[in-house]
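See structure below.
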Amino acid sequence: MLISVGFAGLRLSYALESYMLCIGSGILLFGMVIALVVVFLRRWKDRMLVFGLLVCIYMASYFLMSVNGRYEPGVWGLSGPKWYAWAPAGFVQEFRWNDPLILMYYPLYELDRRYWHRDDDSHSGKYPVNDCG
């Protein structure tokens, strides 16, 4: 079942023509296959090694999306965007936030927005901004 969900994510990313989302889905699909291997491992050390590998894959997939992200309008008002929020690649498509992807990466997304890509840095010039207002 996990593998079929992974393939559904890949198919959705191709339909949306989001190549970074496709890469992230592929990495997570690979992680799901490794998780199935863990079920068949008998030794505790092997299970911990595979678990550590899965955590690294999860973090690496978010990092790849975050490096290719940009600030997107967070809230729209009558005169345009009121504030901007950091959006890793694939988190926003045509000004619509991808809530399932945000939920999947929520712990890393919150850490990223709190310590690395703060909302106050949106117009500092350090990072790209989808300035449509």
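Computed from the coordinates by the stated procedures, all read-outs in this text should not be read as laboratory data. Just so it is clear, the structure is predicted and the values come from calculations on it, not from any experiment. Virtual Cβ from ideal backbone geometry, glycine too; neighbours counted across all protein chains shown.
Brief remarks on what is shown
- For W83, the residues whose amide H sits under 5 Å from its own are G74, V75, ignoring neighbours fewer than 5 places away on the same chain, with H placed 1.01 Å from N.
- Put a dot 7 Å past the Cα of F95, heading toward its Cβ, do the same for Y127, and the two dots end up 2.1 nm apart.
- In order along the stretch 119-124, phi translates into HN-Hα couplings of 4, 5, 8, 4, 10, 7 Hz, rounded to whole numbers, per the Karplus curve 6.51 cos²θ - 1.76 cosθ + 1.60 with θ = phi - 60° and x for Gly and Pro.
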